[in-house]
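Read through the structure below, which is laid out as structure tokens, and then see the notes.
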Amino acid sequence: MSIRRRAREIALHVLYQLDISQGDPQKTLDLYFSHFKPSEKAREFCEHLVYGVIRHRERIDRVIDENSENWTLKRMAVVDRNILRFATFELFFSPEIPFKATLNEAIELAKRFGTDESGAFINGILDKIHLQVPSPPVAS
């Protein structure tokens, strides 16, 4: 398993736990790190995702809400909602990560931890969100 895939998987678990319990992010991360024993690079990327989602959650949730027809965040499965959150964070705040990588990883996690429909659901929403991501400035 790649470093980033491992980090995304742990981030999903942590964000899920925080979504349900509203606990302390660092304590939750520490608990998961003690059980999953990720490499230092995986830990760093996981923390980047978790704290990025927390820091930008209002904007992220608004973008997801605006791009999910007939669904509100509250009605979404907790797994789907949190995959969408960290993938949206990646799209807007980690331009060094290609869209296809973010999309593929999100879909794979949705298939593994979500329902039979989760992969297609995530794919549809992220395709719409991707179109709203500002292009990086072109160097002159």
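What percentage of the solvent-accessible surface of the chain, computed with a 1.4 Å probe over protein heavy atoms, is contributed by carbon and sulfur atoms?
Summing carbon and sulfur atoms, their accessible area is 52 percent of the total for the chain.
Note the full-extension length gain between K27 and I3 as 0.36 nm times their separation in residues minus their Cα-Cα distance, in nm to one decimal.
My answer for the length gained is 6.5 nm.
Find which of Q17, Y51, L84 sits farthest along the positive direction of the dipole of region 1-97, computed with +1 on the beta-carbon of Lys and Arg, -1 on that of Asp and Glu, about the Cα centre.
Ranked along the dipole, the leading option is Q17.
Between S34 and N70, what is 0.36 nm times their sequence separation minus the Cα-Cα distance? Round to one decimal in nm.
Stretched fully, the S34-N70 segment lengthens by 9.0 nm.
Ordered by packing density, taken as the mean number of other Cβ atoms within 10 Å over each peptide's residues, highest first, how do 57-66, 32-41 rank?
Going by the mean number of other Cβ atoms within 10 Å, highest first, we get 57-66, 32-41.
Could you sort the peptides 4-11, 103-110, 122-129 by per-residue average Cβ neighbour count (10 Å cutoff), highest mean leading?
Highest mean packing first, the order is 4-11, 103-110, 122-129.
Can you give the local net charge around S39? Use residues other than it whose beta-carbon is closer than 15 angstrom to its beta-carbon, Lys and Arg +1, Asp and Glu -1.
Cβ neighbours under 15 Å give a net charge of +3.
Sorted by mean Cβ packing within 10 Å, highest first, what order do the peptides 44-55, 68-79 take?
44-55, 68-79
The values are calculated or read from the model by the stated rules, or taken from the named source; none is laboratory data. These numbers come from a predicted model, not from an experiment. Cβ: placed from backbone, ideal geometry, glycine included. Neighbour counts: every protein chain shown. Just so you know, the surface numbers come from the protein's heavy atoms only, side chains and all, with ligands and any DNA or RNA stripped out. Shrake-Rupley method; radii C 1.70, N 1.55, O 1.52, S 1.80 Å.
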